[in-house]
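*Asks:* If you scroll down you'll find the structure; I have some questions about it.
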Amino acid sequence: MIEIFQYDFMVRALIAALLVGLAAPAVGTFIVQRRLALLGDGIGHVALTGVALGFLTGTAPVLTAVLVSILGAVAIELVRARGRTTGDVALALLFYGGIAGGVMLIGLAPGGSNATLTSYLFGSISSVTTEDVWVIAVLAAFVLGVVATFGRELFVLCQDEEVAKVNGLPVRFLSLLVAVTAALTVVIAMRVVGLLLVSALMVVPVATSQQLTRGFRTTMALAMVLGVVATVGGLTSAFYASVAPGAAIVLLALAGFVLALGAGRLLRRSRAREAAP
Amino acid sequence: MMTRSAQAAGVSGPAPRTAGAPAAFAMTDGHVHLDGRPVLRGVNLRIEAGEVVAILGVNGSGKSTLVRALLGLTPLSTGSAELFGVPPGRFREWWRVGYVPQRLSVGGGVPATVREVVASGRVARQRRLRPAGRQDRAAVADALDAVGLTGRAGDPVAWLSGGQQQRVLIARALAGEPDAFVMDEPTAGVDAESQADLAGTLTTLVRQGKTVLLVAHEIGPMAPLITRSIVLRDGGVAHDGPATGGGTGCHPRPGHERERPPAYDVAGGPIGSGTTQ
């Protein structure tokens, strides 16, 4: 365990993993409650176009990824708010557009190839620089700040949008806030687990947590703990076993889900027996 | 107990219109089109503070649309609506209105406890970043007590029966301590026992002088509390007059109301001039 701290790149990677493990499930709780589990995937695909745009224009890919994924998230939100009927189709269109745009733009970029994209698609946590860690830290602080500041209002919004409106909440602003926060989370998590697996960190710890909890607050808190266990644990085991960190993190999170599914069933059964006379 | 208070409510009747005091709810020549189909056709009504009004009518008569338009959830195509004298779009004192939607959207993937949902009814009275205070906790405890769910406060709402979930929604509105309640079919799909509980809760509200506007299919055990009923037919007001409560067991059914001519005009205004298209 000490050995891992002797490598600067691993220390940076662990800090990034810790931040992602905290931020992604916090936003994810609201997204899952809103039944938008695939939102993260949609944004992740769109972010790929942003990354490629960065290479094409010679700007930092993280920056262009932030811009493009925010645009994508806002577009998804606007389509969602318009009406449900076309929502999933619109989401699908963005998926395809995002991937196709990314592949095409990276081909146009000088010296760029699909191999360049691979590290973004599947993550490359060991290449995280000090500067990256700072960007991730600022974004994570923003995401957690949003949850702390607007959590109460977001809870009402995600429960029932119309009730939120009759409570005088700024429904449109809050909806866009969820979308933008999700977009930032995607960019934070992109380096750690890769764009294709980003959404797993927003959804799986929440799905695991809710097998064991009764309330919203406890679900979010436990999901954040599970998120950190998955990212830090997955990264550490990937270091020792020499496997891909992104995959190790997501598989660890999924293993936790399977365990919690069983534990939750036992828990409910004993509770039901308790309740029965 | 219920009968006594019902008599009291019957005696006091609708609150007299005090000069200058705006109506709790008002609509002037309200028209609503949904998907090009007229749903409300020229509705005029004025509900004074302290009135307990039932909006009756068969399915598709426009009851829900009417209350949604009064709250600004459904835009009027022509005409105007007012909440406490202000159009919904410019209304700011949302803490004065408690909305009970038709059913709890338990849909959200994340569990929430009864207490969490009820406490969220305080949102219009709370400030960002400020934790819940003693007043908030007391209001939530009172609301839980009023609907008889104190013992279930820690349970996830999804564990509750339909009738109990309806009570959770009412408690959420109660927790906000509003001046006026808007309840959309609070008795739909609710067993007789819960209906009686609801009538008890309403009795307390009536005694406190709250304004209650409720949409109902049939008002059942709440009949003695209703001071005025408005019957909608084909999007117009077919009848507007004092309710014939009194616990005689004959609850006014829309079908009966239709043939009965309006006894007299309660508020003396141009209400009840429902269109007969």
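*Asks:* Roughly how far apart, in whole Å, are the Cα centres of the stretch B:162-236 and the stretch A:119-179?
*Replies:* 37
*Asks:* Over the Cα atoms of the stretch A:126-277, what is the Rg over Rh ratio if Rh follows Kirkwood?
*Replies:* Rg/Rh: 1.04.
*Asks:* Using the beta-carbon distance between B:GLU93 and A:SER270 and R0 = 56 Å, what value does 1/(1 + (r/R0)^6) give for FRET efficiency, to the nearest 0.05?
*Replies:* On the way: r = 48 Å, r/R0 = 0.86.
Calculated transfer efficiency: 0.70.
*Asks:* Can you give me the Rg/Rh ratio for the stretch A:16-148, using Cα atoms for both radii and the Kirkwood formula for Rh?
*Replies:* In the stretch A:16-148, Rg relative to Rh is 0.98.
*Asks:* Can you pull a Stokes-Einstein diffusion coefficient for the stretch B:103-158 at 20 °C (1.002 mPa s), Rh from Kirkwood over Cα pairs, as a whole number of µm²/s?
*Replies:* Translational D for this selection: 178 µm²/s.
*Asks:* Please give, to one decimal in nm, the separation of the simple spin-label points placed at A:LEU254 and A:ALA148, each 7 Å out from Cα toward the Cβ.
*Replies:* With each label point 7 Å from Cα toward Cβ, the separation is 3.5 nm.
*Asks:* If amide H atoms are built 1.01 Å from N in the plane of the peptide, which residues on other chains or at least 5 residues away come under 5 Å of the amide H of A:ARG35?
*Replies:* B:GLY109
*Asks:* Also, I was wondering about something else. Pull up all non-local amide H partners of B:GLY236: gap of 5 or more, or a different chain, and H-to-H distance under 5 Å with H placed in the peptide plane.
*Replies:* Under 5 Å from the amide H of B:GLY236: B:ARG41.
*Asks:* Which whole-Hz couplings ³J(HN,Hα) result when phi for each residue of the stretch B:194-206 is put into the Karplus expression 6.51 cos²θ - 1.76 cosθ + 1.60, θ = phi - 60°, listed in order with x for Gly and Pro?
*Replies:* Result, ordered by residue: 5, 4, 5, 4, 4, 4, x, 4, 4, 4, 4, 4, 4 Hz.
*Asks:* Can I ask one more? Can you grab the distance from the C-alpha centre of the stretch A:226-273 to the C-alpha centre of the stretch A:11-90, Å, no decimals?
*Replies:* Rounded to whole Å, the Cα centres lie 23 Å apart.
*Asks:* Which value, in Å to one decimal place, does the Kirkwood hydrodynamic radius take for the stretch A:118-208 when every pair of different Cα atoms is included?
*Replies:* 14.5
*Asks:* Oh, and also: Relative contact order of chain A, please, whole-number percent, based on alpha carbon pairs below 8 angstrom and at least 6 residues apart.
*Replies:* 31
*Asks:* Still on this structure, I have one more. To the nearest 20 Debye, how big is the dipole of the protein assembly as shown about its Cα centre, given +1 on the beta carbon of each Lys and Arg and -1 on that of each Asp and Glu? Walk me through the numbers before you get to the answer.
*Replies:* Values: 46 positive and 36 negative charges, 115 e Å.
About 560 debye.
*Asks:* A:ASN114 versus B:ARG103, label points 7 Å from Cα toward the beta carbon: distance in nm?
*Replies:* Rounded to a tenth, the inter-label distance reads 4.7 nm.
*Asks:* From the C-alpha gyration tensor of chain A, pull out the three semi-axes of the equivalent ellipsoid (sqrt of 5λ each), sorted largest to smallest, in whole Å.
*Replies:* 30, 26, 16
*Asks:* In nm², what is the average projected area of the convex hull enclosing the Cα atoms of the protein assembly as shown? Show your work: numbers first, answer last.
*Replies:* On the way: hull surface 117.3 nm².
Across all orientations, the protein assembly as shown yields a mean hull projection of 29.3 nm².
*Asks:* Under 5 Å between amide H atoms, partner at least 5 residues away or on a different chain: which partners does B:SER77 have, H built in plane at 1.01 Å?
*Replies:* Amide H to amide H, under 5 Å and 5 or more residues apart or across chains, B:SER77 pairs with B:HIS31, B:VAL32, B:HIS33.
*Asks:* Suppose R0 equals 30 Å; then what is the FRET efficiency for B:THR78 and A:ARG35 from their Cβ-Cβ distance, rounded to the nearest 0.05?
*Replies:* Values: r = 35 Å, r/R0 = 1.17.
E(calc), rounded to 0.05, equals 0.30.
*Asks:* Another question about this same structure. Counting each DSSP H run of 4 or more residues in chain A as -39500 (n - 2.57), what helix-only mean residue ellipticity at 222 nm follows after dividing by all residues, to the nearest 500 deg cm²/dmol?
*Replies:* After summing the helix terms and dividing by the residues of chain A, the value is -28000 deg cm²/dmol.
*Asks:* Find the eigenvalues of the gyration tensor of the Cα atoms of the stretch A:183-229, then list the square roots of 5 times those eigenvalues as equivalent ellipsoid semi-axes, largest first, in whole angstrom.
*Replies:* Numbers: eigenvalues 95, 17, 14 Å².
Result for the stretch A:183-229: semi-axes of 22, 9, 8 Å.
*Asks:* Starting from the alpha-carbon convex hull of the stretch B:60-117, give the projected area averaged over all orientations, in nm².
*Replies:* Result: 5.9 nm².
Laboratory data are not the source of any read-out in this text; all were calculated from the coordinates shown. Remember, predicted model here, so these are calculated numbers, not experimental data. All Cβ positions, glycine included, derive from the backbone under ideal geometry; neighbour counts span all protein chains shown.
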